[in-house]
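Note sheet for the following structure.
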Protein chains: 2
Amino acid sequence: MPSALILIADGTEEMEFTITYDTLVRGGVKATSAYVPDVNTATPQRVSPPTAKCSRGVHIMPDTYFDLSSCGPDLYDLLVIPGGAKGAETMSKHPSVQELIRRYIERNKLVGMICAGSLAAKTAKLPRQPLTSHPSVKVELEQEFEYLEEPVVVSNNLVTSRGPGTAFPFALTLVELLCGSERREEIRGPMVFPPHTPF
Amino acid sequence: MPSALILIADGTEEMEFTITYDTLVRGGVKATSAYVPDVNTATPQRVSPPTAKCSRGVHIMPDTYFDLSSCGPDLYDLLVIPGGAKGAETMSKHPSVQELIRRYIERNKLVGMICAGSLAAKTAKLPRQPLTSHPSVKVELEQEFEYLEEPVVVSNNLVTSRGPGTAFPFALTLVELLCGSERREEIRGPMVFPPHTPF
């Protein structure tokens with residue numbers, strides 16, 4: 001069974017997080033969420049259970065805490081960085097998250113970034129390659145990457161996407177890459193997309 | 001500022017819940033989630049904070065507990081019943097939820113139901129009218145209602161929809177009904193739907 005680690009922080013975009021987690025589970029992927037604390041907090045404390053206050057006020061309880069040693073590519077096949085301005089900033093500026101992204105790419109595992117989450121490709125110093133993001137952070141990425149405006153961009157093992165409105169095709173693409181195109185089609189039907197939905 | 005009460009229970013479909021909550025907040029609606037306990041549980045207990053284990057394993061902390069006296073149409077403009085088989089069963093079989101739905105309709109407030117959440121239209125004994133739901137529960141509804149297969153059906157103050165794949169047009173329709181069509185268009189752009197998305 002393929003497995004995925006989905007990061008979450010205060011300020012994470014709850015639709016992007018939830019659509020990705022839920023769709024991966026529907027696809028047969030074992031999903032685990034890990035809470036990333038803000039390293040700028042003066043006295044970061046581990047409250048129990050961990051909770052993330054997301055960008056529009058939904059409170060989500062992550063499955064575990066982020067920890068470099070227990071979140072590596074030896075344990076998961078996919079690492080996901082969701083958007084939401086504040087959450088993406090927390091993740092992209094976290095040195096251990098940057099290191100984790102490089103380890104996944106080096107080990108030939110998948111990394112997915114959506115919305116402002118794509119900023120982590122820059123802070124992790126990934127090489128120049130095709131990429132997309134939320135339009136609001138395009139200016140921060142278009143120098144270092146081959147910036148595209150497609151809903152989902154697959155560049156070797158890096159999968160990037162644009163916002164809540166592209167979260168379904170992003171998640172379905174991840175299911176396809178981990179489980180195959182037949183599985184993607186199997187789970188798409190019961191989700192009941194409107195006719196002529198382009199994904 | 002319009003306000004919305006969104007019910008949540010163990011087994012609620014987390015995408016339907018989160019897309020509705022988040023999109024309403026983006027539209028300028030004050031959203032509150034309320035946890036509905038399973039009345040069949042032998043010893044229902046109020047744990048603090050309340051937590052809902054959703055249909056694909058995401059744990060969400062609701063804003064408050066469901067209570068007939070504090071969830072009425074005097075306090076909110078919209079009541080939402082999300083899907084997810086187990087969560088929708090808990091809500092639709094709960095006598096106080098049934099009573100709440102009737103009170104919202106009687107007071108000319110909006111009621112939204114999506115996916116299996118539409119079963120609550122039947123258990124609340126709403127009159128025969130146009131309605132849709134997840135295809136899996138169509139057989140339970142098509143006798144009592146004028147069953148349609150549109151992504152979103154607006155029947156006076158009852159708004160129904162089909163599944164996670166129609167949650168965005170469902171939520172955007174609710175924003176339009178509460179805040180106007182201009183607001184709907186304002187928030188749609190930054191969500192970055194793929195070109196030719198039919199909503």
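The values are calculated or read from the model by the stated rules, or taken from the named source; none is laboratory data. Because the structure is predicted, anything quoted here is derived from the model rather than measured. Note that we place each Cβ from the backbone using ideal geometry, even for glycine, and neighbour counts take in every protein chain shown.
Output yes when any residue across segment B:89-111 is at pLDDT below 95 and away from chain A (no Cβ under 11 Å), and no when none is. There is no residue in segment B:89-111 that is at pLDDT below 95 and away from chain A (no Cβ under 11 Å). Under the condition of being crowded, with 22+ Cβ neighbours inside 10 Å and either of a type in the set (Ser, Thr, Tyr) or over 25 Å from residue B:168 (Cβ atoms) (or both), the residues counted in segment B:58-91 number 4. The single condition among (1) part of a loop (DSSP other than H, G, I, E, B); (2) surrounded by fewer than 22 Cβ atoms within 10 Å (Cβ to Cβ); (3) within 13 Å of chain B (Cβ to nearest Cβ) that residue A:144 does not meet is (3). Restricted to segment A:26-63, and to residues that are at pLDDT below 95 and of a type in the set (S, T, N, Q), which residue is farthest from residue B:18 (Cα to Cα)? Ranking the candidates gives A:43 first.
If you go through segment A:148-199 and keep only what is among the basic types (Lys, Arg) and not in a helix (DSSP H, G or I), you end up with just A:162.
Close contacts from segment B:121-141, counting a first residue that is farther than 13 Å from residue B:92 by Cβ and more than 14 Å from chain A (Cβ to nearest Cβ) and a second that is among the acidic types (Asp, Glu) and surrounded by 15 or more Cβ atoms within 10 Å (Cβ to Cβ), with Cβ to Cβ under 7 Å and a gap of 6+ residues or different chains, come to B:128/B:144. Taken over segment A:169-198, the residue count meeting the criterion of being facing another protein chain (nearest Cβ under 7 Å), closer than 15 Å to residue A:112 by Cβ and touching a residue at least 40 places away in the same chain (Cβ under 8 Å) is 0. I'd like to know if segment A:82-94 contains one or more residues that are without any contact (Cβ under 8 Å) to a residue 60 or more places away in the chain and among the β-branched types (Val, Ile, Thr). No, segment A:82-94 has no match at all. Mind checking whether some residue in segment A:39-53 is surrounded by 22 or more Cβ atoms within 10 Å (Cβ to Cβ) and either hydrophobic (A, V, I, L, M, F, W, C) or touching a Phe, Trp or Tyr at 6+ places or on another chain (Cβ under 9 Å) (or both)? Looking through segment A:39-53, at least one residue is surrounded by 22 or more Cβ atoms within 10 Å (Cβ to Cβ) and either hydrophobic (A, V, I, L, M, F, W, C) or touching a Phe, Trp or Tyr at 6+ places or on another chain (Cβ under 9 Å) (or both).
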